[in-house]
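Have a look at the structure below before the remarks.
The values are calculated or read from the model by the stated rules, or taken from the named source; none is laboratory data. No experiment lies behind these values; they were computed from the predicted model shown. Note that each Cβ is placed from the backbone with ideal geometry, even for glycine, and that neighbours are counted across all protein chains shown.
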Amino acid sequence: MTFELRELYQQTILDHNRAPRNFRVVEGANRVAEGYNPLCGDKLKVSLRVDDADVIEDVGFVGSGCAISKAAASLMTEAVKGKTTKQAEDIFEDFHRMVTDAGYEPDRKKLGKLLAFSGVKQFPARVKCASLPWHTLKAAIESANVPVSTE
Amino acid sequence: MSVAQVSSTHERLERAASVFDVQRVRRDFPILGTSVNGKPLVYLDNAATAQKPQAVIDAVSRYYANDNANIHRGVHYLSERATAAYEDVRRRAQVFLGAGEAREVVFVRGTTDAINLVAHSYVRPRLEAGDEVVISAMEHHSNIVPWQLACGERGARLRVVPMTQAGELMLDAYEELLNDRTKMVALGHISNALGTVNPIKEMVRTAKERGIPVLVDGAQAAPHLTIDVSDLGCDFYAVSGHKMFGPTGTGLLYGRAELLEAMSPYQGGGDMIETVSFERSTYARIPAKFEAGTPNIAGVVGLGAAIDYLLSIGRASIAKYESELLQYAVEAIGGVEGIRLVGTPRERAGVVSFLMEGIHPHDVGTIVDQEGVAIRTGHHCAQPVMDFYGIAATARASFAFYNTREEVDSLVTALGKTHELFG
């Protein structure tokens, strides 16, 4: 097993792939978006419940994808829950730089467990897998308020 | 030396030539001697594009070094040389495809270009609202979308021949789909996603008995099988140069002369005209009518070298070697713990698609790549096939005649590492 491969598939990622957290549609979600990677056919749906103060009260995802995208979605939901949408987008910015820019030193405190994805930058073909959930989250945040289901 | 001795030497030489020596063949492909991630390259993505023998690489660079000029227009020496080289490839392509005449071979950019040409110039003007075009459930996107565009524009309908779980077309259903409104049948010879070799001769006959024109997408067939369009009886046959060891951006469209002549041009420009005035233009004869602008001359010359190369090895030898290799691969890959083959057709060429339980194909692809093994993962430009099986993607190993059993073993070992990582 190569060093790069171990770096890519860190224990945290394997764990979240096996048992993804917040793998569900959020009850009473008022923001949703679907993400799709036409290159590999991976599909993902992110749903959020954002309160009046712009705080992400709850977030979840459903869909299918590789270990990297599933773990990225799972860890993302943990990272942004309880944050404001602005803070979430800020984390994404750092995350994105970490997986694309080899010379970038990420803010370790800000990214926390997300540092597990630092190995992705060695695999340009997999950057999209790691960032798809985040792009979808961003689209959900920017989506117009979805009327809450009355069921 | 007696007559008997001479003839036995001759026989021995012929035998030697007919014995397929994979190690000798591999030396013709410089890239096969390279390393990836510190491991010898094991290239099993041939259905995406094939590697090029030195003969092809040399032909292209020799052309640029010695013969480069525009064709069909110069009176000077080099232009004549370039034109002769270009047109000579057309005659070799005619032999390669089994076409009756060289003018039935149109140089195109690839299979996609060829199918679009036929959809645009043959089918579109002849389609009326309510007409139908028949394709199959296992087509590559390039044999779906051009027809969809034509149908959408004319209010016609795309009909799809269904397939079985094994990945074989349902011939009874195919026959039932054909009717008075069917204006075109377009079928893949070999499925790029599953490796199925369709009973194309039989399917062409079924359509032709009803007077329906047939296009065969031969992109995956050209590197593996002997193609004989006269024997198949199809009206159009499309291949890509780069999948048959030639340069990218080249391809061949065989079209029956009668149909090509009746068709309107595809693109307008230089080389495809007879006379031009601002009032009207008249068009060149076939095949020039479909070759507007300066073509990929160097690429076509390289494609000629690829054809020569394939014919010198012998397509029968290639098919025999590959069929044994593929059988070995199907058994070896199918035998790996947790692997499920996607598509189990009785007639298969070039391709093994598979899934590993609990591990996404993308992860499989990344892990085996670290071992130097190149496979494709994804939907293989055949999303309807993925939808049929209810999956998003597969891992696909695809073979050429230069692959070996040892390389299959390398893939199998590399697949084992995915278990090591994912547990």
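Right, B:Leu341: closer than 21 Å to B:Ala219 by Cβ and of a type in the set (A, V, I, L, M) or not? Before you say what the answer is, go through the steps one by one.
Numbers: closer than 21 Å to B:Ala219 by Cβ: no; of a type in the set (A, V, I, L, M): yes.
Here the answer is no, as B:Leu341 does not meet what is asked.
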Exactly one of B:Glu128, B:Glu139, B:Glu87 is part of a helix (DSSP H, G or I) and among the charged types (D, E, K, R), and that one is B:Glu87
Here are some residues: B:Tyr309, B:Tyr266. Which one is surrounded by fewer than 23 Cβ atoms within 10 Å (Cβ to Cβ) and under 16 Å from B:Val239 (Cβ atoms)?
B:Tyr309
Identify the residue in segment A:107-117 that is touching a residue at least 40 places away in the same chain (Cβ under 8 Å) and surrounded by 18 or more Cβ atoms within 10 Å (Cβ to Cβ) and, among all such residues, is farthest from the chain's Cα centre (by Cα).
A:Ala116
Which count do you get for residues in segment A:34-44 that are hydrophobic (A, V, I, L, M, F, W, C) and either at the interface with chain B (Cβ under 8 Å from one of its Cβ atoms) or surrounded by 24 or more Cβ atoms within 10 Å (Cβ to Cβ) (or both)?
2
Condition check for B:Glu202: of a type in the set (D, E, K, R), modelled with pLDDT of 95 or more and not in a helix (DSSP H, G or I)
no
I'm checking my understanding of the structure. Among residues of segment B:159-199 that are part of a helix (DSSP H, G or I) and in contact (Cβ under 8 Å) with a residue 24 or more places away in the chain, which one is farthest from B:Ala349 (Cα to Cα)?
B:Leu177
Restricting to segment B:371-390, give me the number of residues that are within 11 Å of chain A (Cβ to nearest Cβ), surrounded by fewer than 21 Cβ atoms within 10 Å (Cβ to Cβ) and touching a helix residue (DSSP H, G or I) at 6+ places or on another chain (Cβ under 9 Å).
3
Hey, does segment B:98-119 have a residue that's surrounded by fewer than 21 Cβ atoms within 10 Å (Cβ to Cβ) and among the hydroxyl-bearing types (Ser, Thr, Tyr)?
no
For segment A:11-49, enumerate the residues that are β-branched (Val, Ile, Thr), part of a strand (DSSP E or B) and within 13 Å of the chain's Cα centre (by Cα).
A:Val46
Please indicate, with yes or no, whether at least one residue in segment A:45-63 is of a type in the set (S, T, N, Q) and within 14 Å of another protein chain (Cβ to nearest Cβ).
no
Quick check on segment B:322-331. Is at least one of its residues under 30 Å from B:Val106 (Cα atoms), of a type in the set (A, V, I, L, M) and surrounded by fewer than 20 Cβ atoms within 10 Å (Cβ to Cβ)?
no
Across segment B:205-234, which residue is nearest to B:Gly378 (Cα to Cα) among those that are of a type in the set (A, V, I, L, M) and assigned to a loop (DSSP other than H, G, I, E, B)?
B:Ala219
Restricting attention to segment B:76-90, which residues are modelled with pLDDT of 95 or more, over 16 Å from B:Arg62 (Cβ atoms) and either within 19 Å of the chain's Cα centre (by Cα) or of a type in the set (Gly, Ala, Ser) (or both)?
B:Arg90
Quick check, is B:Gly343 small (Gly, Ala, Ser), touching a residue at least 60 places away in the same chain (Cβ under 8 Å) and either buried (at least 21 other Cβ atoms within 10 Å of the Cβ) or at the interface with chain A (Cβ under 10 Å from one of its Cβ atoms) (or both)?
yes
Top-ranked residue of segment B:403-423 - restricted to ones that are part of a loop (DSSP other than H, G, I, E, B) and surrounded by fewer than 22 Cβ atoms within 10 Å (Cβ to Cβ), ranked as farthest from the chain's Cα centre (by Cα):
B:Gly423
Given the criteria closer than 24 Å to A:Ala19 by Cα, away from chain B (no Cβ under 14 Å) and at pLDDT below 95, does A:Ser118 qualify?
yes
Subset of segment B:266-283 [within 32 Å of the chain's Cα centre (by Cα), modelled with pLDDT of 90 or more and either over 22 Å from B:Thr112 (Cα atoms) or not assigned by TED's automatic domain parsing to the domain that holds B:Val89 (or both)]:
B:Tyr283
For A:Phe95: the one exception among (1) buried (at least 22 other Cβ atoms within 10 Å of the Cβ); (2) more than 29 Å from B:Asp387 (Cα to Cα); (3) in contact with a Lys or Arg (Cβ under 7 Å, 6 or more places away or on another chain)
(3)
For segment B:205-220, enumerate the residues that are surrounded by fewer than 24 Cβ atoms within 10 Å (Cβ to Cβ), in contact with a Gly (Cβ under 9 Å, 6 or more places away or on another chain) and not basic (Lys, Arg).
B:Val214
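Here's the yes/no breakdown for (1) of a type in the set (D, E, K, R); (2) out of contact with any Leu (no Cβ under 7 Å at 6 or more places or on another chain):
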{"position": "B:Asp172", "(1), (2)": "yes, yes"}
{"position": "B:Leu177", "(1), (2)": "no, yes"}
{"position": "B:Asn192", "(1), (2)": "no, yes"}
{"position": "B:Gly218", "(1), (2)": "no, yes"}
{"position": "B:Leu232", "(1), (2)": "no, yes"}
{"position": "B:Gly249", "(1), (2)": "no, yes"}
{"position": "B:Glu261", "(1), (2)": "yes, yes"}
{"position": "B:Tyr266", "(1), (2)": "no, no"}
Give the number of residues within segment B:294-350 that are of a type in the set (Ser, Thr, Tyr), more than 17 Å from the chain's Cα centre (by Cα) and farther than 30 Å from B:Pro384 by Cα.
4
Name every residue in segment B:397-423 that is of a type outside the set (Val, Ile, Thr) and within 12 Å of another protein chain (Cβ to nearest Cβ), in order of residue number.
B:Ala414, B:Gly416, B:Lys417, B:His419, B:Glu420, B:Leu421, B:Phe422, B:Gly423
